[in-house]
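In what follows, a single structure is set out as structure tokens and then discussed.
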Amino acid sequence: MQIVLREVHDSDLPVFFRQMNDPEALHMAAFTPKDPADRDAFDAHWKRIRASADVQRTILADGDVVGSAAVYGEPGEREVTYWIDRAYWGRGIATAALRELVAQVPERPLYARAAADNTGSLRVLEKCGFRVTAQASGYAQARGAEIDEFVLSLDARDRRR
């Protein structure tokens with residue numbers, strides 16, 4: 001399967017909106033918008049981030065839009081995030097996309113956060129060289145509760161092939 005990252009196109013947004021309204025994916029991601037079904041808020045969010053200097057990419061698998069990946073935040077505090085359509089979980093797509101993303105963004109350190117029980121995402125991050133550096137807790141909109149999360153970092157010495 002060929003995994004490619006490209007600039008986000010307007011035509012990707014309806015796909016992202018559908019992907020981000022999958023109940024199982026929302027539960028796993030945990031830290032989601034207050035109301036993922038609010039299309040106006042979704043559109044406003046994407047308009048804001050597409051106008052920013054942050055790096056946003058569409059993930060393609062064999063030419064199909066299967067998710068998104070981004071690096072955002074202030075220098076020295078930048079975080080990675082990604083979302084893969086649940087129909088594509090377990091195929092190595094998130095790992096390949098994140099490896100490509102961190103190769104495109106050479107600055108370090110980079111950070112990531114994942115729900116402590118999101119073993120799939122934690123595995124992806126660790127395969128890409130991120131290491132758990134802290135544990136925290138926060139309110140997870142998708143679960144309606146405070147949950148544990150891990151904070152991970154990637155610095156220059158953690159770069160993977």
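Structure summary
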quantity	calculated
Test set (1) open to solvent by less than 40 Å² (accessible area, probe 1.4 Å); (2) without any contact (Cβ under 8 Å) to a residue 12 or more places away in the chain - A44 fails condition number	(1)
Every residue from region 33-64 that is within 17 Å of the chain's Cα centre (by Cα) and closer than 22 Å to T95 by Cβ	D54, V55, Q56, R57, T58, I59, L60, A61
Selected residue (only one of Y88, Y139, Y111 is surrounded by 14 or more Cβ atoms within 10 Å (Cβ to Cβ) and closer than 21 Å to E24 by Cα)	Y88
Residue check for G63: on the phi > 0 side of the Ramachandran plot and open to solvent by 40 Å² or more (accessible area, probe 1.4 Å)	yes
Residue in region 119-128 that is over 18 Å from Q19 (Cβ atoms), open to solvent by 40 Å² or more (accessible area, probe 1.4 Å) and among the hydroxyl-bearing types (S, T, Y) present	yes
Single unsatisfied condition, Q19 versus (1) at pLDDT 95 or above; (2) open to solvent by 60 Å² or more (accessible area, probe 1.4 Å); (3) not aromatic (F, W, Y)	(2)
Those residues of region 22-41 which are open to solvent by less than 70 Å² (accessible area, probe 1.4 Å) and closer than 11 Å to A142 by Cβ, in sequence order	D22, A25, L26, M28, A29, A30, T32, P33, P36
Unmet criterion (only one of (1) open to solvent by 20 Å² or more (accessible area, probe 1.4 Å); (2) at pLDDT 95 or above; (3) not small (G, A, S)) for T58	(1)
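Residues are listed down the side, and each one gets a yes or a no for (1) under 16 Å from the mean Cα position of the chain (by Cα); (2) modelled with pLDDT under 95; (3) assigned to a strand (DSSP E or B):
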{"site": "E107", "(1), (2), (3)": "no, yes, no"}
{"site": "R113", "(1), (2), (3)": "yes, no, yes"}
{"site": "S121", "(1), (2), (3)": "yes, no, no"}
{"site": "L125", "(1), (2), (3)": "yes, no, no"}
{"site": "V132", "(1), (2), (3)": "no, no, yes"}
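The values are calculated or read from the model by the stated rules, or taken from the named source; none is laboratory data. In this text, all values refer to a predicted model and were calculated from it rather than measured experimentally. FYI the Cβ positions are ideal-geometry reconstructions off the backbone, even for glycines, and counts take in every protein chain you see. The area values use the complete protein model at the heavy-atom level, side chains included, leaving out ligands, DNA and RNA. Shrake-Rupley method; radii C 1.70, N 1.55, O 1.52, S 1.80 Å.
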